[in-house]
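Values quoted throughout were computed directly from the atomic coordinates according to the rules given, and no laboratory measurement underlies them. Note that the coordinates shown come from a computational prediction; the quantities given were computed from them, not determined experimentally. Cβ placement follows ideal geometry from the backbone for every residue including glycine, while neighbour counts extend to all protein chains displayed.
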Amino acid sequence: MAEQTIGSTRTFVLAKGFTQVGKQAALIGEDDTRRLFAEVYADPDRPEVRPQEGYQAILASMQPGWTLRLLQLFWPDPEPRLEFQKQVQNWKSPGTEGLDILHQGLLLAIQEYSLPFVRRTVLEFVLPGDDGIAWWEGLTGLCAGFGLRVRYLDQSAVEGLTRWVLNPNLDYDRVGR
């Protein structure tokens, strides 16, 4: 039995640039494939989200021979920390020196503490031809019934994603969102 590569990061990050496919920005892979990316996340207004069933529906709707990669990434998320920092900065000035020292210490701790992380689910679809674009753009409707939303990634978001795959550390100051 011949060895088969299931997937690798190398082919994801070695790209030849971007091209436009319909409304989508496609990454041109080293093998000249066009790769489309989207983030799948839970609809915050729907308490009955069923991601497992949604992923099963996605896979069942694919044609034989198509390639879809599911990436689970732990991504730094500055939003909660920035929101808390804004709230702390808007507090009334402390009336005593001790409370002022505590307030300044809290602000310093917020700025220096490492970023919290959020799990992100990203789909990478190797476009098999023009017939695959209709399926790809129809994912929004397919996933909606399961309480999932699809956000198609534009060029800058895909570039941020490749930077994160290549350099996933806390010190990286330019993370695409």
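What share of Cα pairs, in percent, lie more than 11 angstrom apart in region 88-136? The share of Cα pairs beyond 11 Å in region 88-136 comes to 78 percent. Label positions at Gln87 and Ala42, each projected 7 Å from the Cα along the C-beta direction, are separated by 2.0 nm.
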